[in-house]
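Trainee: Attaching a single structure in structure tokens format; questions to follow.
The values are calculated or read from the model by the stated rules, or taken from the named source; none is laboratory data. Since the model is a prediction, treat every value here as computed from it, not as a measurement. Counting neighbours? That spans all protein chains shown, and the Cβs are built from the backbone with ideal geometry, glycine included. Accessible surface is based on the protein model in full, side chains and every heavy atom, while ligands, DNA and RNA are left aside. Shrake-Rupley method; radii C 1.70, N 1.55, O 1.52, S 1.80 Å.
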Amino acid sequence: MKNRVCEMLNIEHPVLQGGMAWIADASLAAGVSEAGGLGLITGTAPIEWIRDEIRKAKKLTNKPFGVNIMLMSPHVDEVAKLVCDEKVPVVTTGAGSPGKYMEMWKSHGIKVIPVVASVALAKRMEKSGADAIIAEGTESGGHVGQLTTMSLIPQVVDSVDIPVIAAGGIADGRGVAASFMLGAEGVQLGTRFLVAKECTVHQNYKDKVLKAKDIDTDVTGRATGHPVRVLKNKLSREFQKREKSGASVDELEELGKGTLPLAAVTGDIVNGSVMAGQIAGLVNKEESCKEIIEDLINGAKKVIDNFGGLDD
Ligand code: TUI
């Protein structure tokens, strides 16, 4: 499975870890990178925290890792500069277009991989110098677009020449193999790495993901223009109720404020926002990053090798 993504990022396996806000720290990123994938530290945090985590990760691993920059974050300008100062080799971006930072990152030799949810943005990103694209289906946890991974990946693959990395609804070797069949050259996973041993998210959050079934996620915030996939709980039901009764965007944004750290850091999975993907029902075991990546690669090889073709 060595390919353009492995060569570009100097990694052993074409497996990226989602840069989950309030969750993806140095421990998880270094764990994934040490296991041969590409770990990512979240850039949705105060600048001092991100700098500390980058420096911690450099002590934990000599392998490359990246920072995920959420473009709606209030600190985005500072984080965009920090990754240059700290010589971070890879940046992924989410929830918007990173066009205005592209020149600065490229001039610092940073590989830039924007997350997109449409063909139009994929094409725009390729033109502005992106090295690869993460095409993320609506099965993902957190901020989501509209198209499913199954529809989005082949359409993006046909529209750009740079490598496409698939995300959304992938948690085992079958998902990896299917992504490659759709033309992707790598995968990004969030939900499965959320329950990794190296992931420091609150144990209550992990337990809720481990117990989740196929139909346990819902999307809240469509009315605010920031749709977010979460595991259903008291907060998501209250959110839905107020959205249906026509609450203002301000009221809904107030309701959502601070709820991700409440779940991820404090462990309040009743009143907090428990972001996770639709594939949570398949994620039933807490394992090390090494075990997860080995299972993804071996599982993908197995289904591809055992596939007998379409003829009898
Ligand atoms: O960014 C994500 N997922 C996230 S960010 C996040 S942090 C958060 N915290 C509290 C409330 C809300 C969010 C949690 N999860 N994924 C990458 C992603 N980007 N998915 C979809 C998109 C996307 C969607 C539309 C990217 C660009 C876009 O259009 C931009 C344009 O200009 O066309």
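Trainee: Answer yes if at least one residue in the stretch 290-303 is within 16 Å of the ligand (Cβ to nearest atom) and either at pLDDT 95 or above or among the β-branched types (Val, Ile, Thr) (or both), and no otherwise. Explain how you work it out, then say what you get.
Mentor: Taking the stretch 290-303 first, the residues within 16 Å of the ligand (Cβ to nearest atom) are none.
Checking the stretch 290-303: not a single residue is within 16 Å of the ligand (Cβ to nearest atom) and either at pLDDT 95 or above or among the β-branched types (Val, Ile, Thr) (or both).
Trainee: Okay, next question. Would you please name the residue that is nearest to GLU287 (Cα to Cα), looking only at residues in the stretch 1-48 that are more than 16 Å from the ligand (Cβ to nearest atom), open to solvent by 30 Å² or more (accessible area, probe 1.4 Å) and of a type in the set (A, V, I, L, M, F, W, C)?
Mentor: Going through the qualifying residues, I end up with MET1.
Trainee: Let me ask you something else. Do you know which residues across the stretch 114-144 are touching a residue at least 40 places away in the same chain (Cβ under 8 Å) and near the ligand (Cβ under 9 Å from one of its atoms)? I'd like the intermediate steps shown before the answer.
Mentor: Looking only at the stretch 114-144, we keep the residues that are touching a residue at least 40 places away in the same chain (Cβ under 8 Å), and these are 115-116, 119, 122, 131-132, 134-136, 138-144.
Across the stretch 114-144, the qualifying residues are VAL115, VAL116, ILE134, GLU136, THR138, SER140, GLY141, GLY142, HIS143, VAL144.
Trainee: Let me ask something else about it. Can you find a residue in the stretch 282-293 that is without any contact (Cβ under 8 Å) to a residue 24 or more places away in the chain, under 20 Å from the mean Cα position of the chain (by Cα), on the phi < 0 side of the Ramachandran plot and open to solvent by 30 Å² or more (accessible area, probe 1.4 Å)?
Mentor: yes
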